[in-house]
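Trainee: One structure follows; several queries about it will come next.
The values are calculated or read from the model by the stated rules, or taken from the named source; none is laboratory data. Just so you know, these numbers come straight off a predicted model, no measurement behind them. Heads up, the Cβs are rebuilt from the backbone with ideal geometry, glycines too, and the neighbour counts pull from every protein chain shown.
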Amino acid sequence: MRFSYDILDDREKIIYELRALYAGSGYSHFRMSRFEEYDFYSRNKYLNLSESVYGSTSIAAIGVAAHECGHAVQDSEGYALLRFRNSIVPVVNIGSRLSWPLLVIGLAIGVSGLYTAGLIMFLLVVLFHLVTLPMEIDASRRGLRMLQEYGIVESSDEVSAVRQVLSAAALTYLAALAMAVANLLRILAMSRRRN
Ligand SMILES: [Zn+2]
């Protein structure tokens, strides 16, 4: 899971850092659409690649494009994690917006029902990240295999460069999961202080 910045161009570095910044500020990645090519397939059912990916031959762009193809294959095979994730996305979107207000108000006015509702919504967010991580890793695995099968990347240097790009992407999902778990612990600590 080692990530080398060297394989990214300047624009890709900026985008990568922006993503980390957004994630660090509590924005969940699935609501960020600027660089989130990963989510486009499941929504639109066609491969929608950003300008920096489409028409680029950089290793990073090829890696992202292959990852998208991995999602397309998951979808055509009815991959269980993808189906489950897509089925909970609408609820998770609502939950991620409502959980904090419900938790804060519930604790502030001492209504445990509100707090519990907020906690359940936040658990859904954690579940979402828990399901997303292995699904994304699986898409990358499928993508890399396709690149090798079709001879798009051949040398071991190219394979390891693509692998690094895909590992970097996986790290952002791991970070999102870690963030969600950390927030869950914060929420539980908050309620303990109040009791
Ligand atoms: Zn993906």
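Trainee: Listed residues S99, S58, S52; which is farther than 19 Å from Y173 by Cα, modelled with pLDDT of 90 or more and away from the ligand (no atom under 15 Å from the Cβ)?
Mentor: Values: S58 fails: modelled with pLDDT of 90 or more; S52 fails: modelled with pLDDT of 90 or more.
Going through S99, S58, S52 in turn, the sole match is S99.
Trainee: If the requirement is being within 16 Å of the ligand (Cβ to nearest atom), within 21 Å of the chain's Cα centre (by Cα) and not acidic (D, E), which of these qualifies: A161, A175, A180?
Mentor: Details: A161 fails: within 16 Å of the ligand (Cβ to nearest atom); A180 fails: within 16 Å of the ligand (Cβ to nearest atom).
Being within 16 Å of the ligand (Cβ to nearest atom), within 21 Å of the chain's Cα centre (by Cα) and not acidic (D, E) holds for just one of A161, A175, A180, which is A175.
Trainee: Continuing with this model, one more query. Within the group I152, I187, which residue is outside any helix (DSSP H, G or I) and away from the ligand (no atom under 16 Å from the Cβ)?
Mentor: Values: I187 fails: outside any helix (DSSP H, G or I).
Only one candidate passes the filter, namely I152.
Trainee: Another question, if that's okay. Working only within region 143-185, note down all residues that are surrounded by fewer than 12 Cβ atoms within 10 Å (Cβ to Cβ) and closer than 20 Å to L130 by Cβ.
Mentor: Restricting attention to region 143-185, the residues satisfying the condition of being surrounded by fewer than 12 Cβ atoms within 10 Å (Cβ to Cβ) are 149-151, 154-157, 182, 185.
The answer is A182, L185.
Trainee: On to the next question. Spot the failing condition for A139; the list is (1) in a helix (DSSP H, G or I); (2) crowded, with 20+ Cβ neighbours inside 10 Å; (3) away from the ligand (no atom under 16 Å from the Cβ), and only one is missed.
Mentor: Tallying (1) in a helix (DSSP H, G or I); (2) crowded, with 20+ Cβ neighbours inside 10 Å; (3) away from the ligand (no atom under 16 Å from the Cβ), A139 fails exactly one: (3).
Trainee: Here is a follow-up. Being of a type in the set (S, T, N, Q) and away from the ligand (no atom under 16 Å from the Cβ) is the filter here; which residues of region 67-96 pass it?
Mentor: First, pick out the residues of region 67-96 that are of a type in the set (S, T, N, Q): 74, 76, 86-87, 93, 96.
Within region 67-96, S87, N93, S96 meet the criteria.
Trainee: From the list V104, V73, V89, V131, which one is at pLDDT below 90, closer than 20 Å to A180 by Cα and part of a helix (DSSP H, G or I)? Explain how you work it out, then say what you get.
Mentor: Values: V73 fails: closer than 20 Å to A180 by Cα; V89 fails: at pLDDT below 90; V131 fails: at pLDDT below 90.
The unique qualifying residue is V104.
Trainee: Further question: Taking the condition under 13 Å from V64 (Cα atoms) and part of a helix (DSSP H, G or I), does A182 pass? Outline the logic, then answer.
Mentor: Details: under 13 Å from V64 (Cα atoms): no; part of a helix (DSSP H, G or I): yes.
No, not satisfied.
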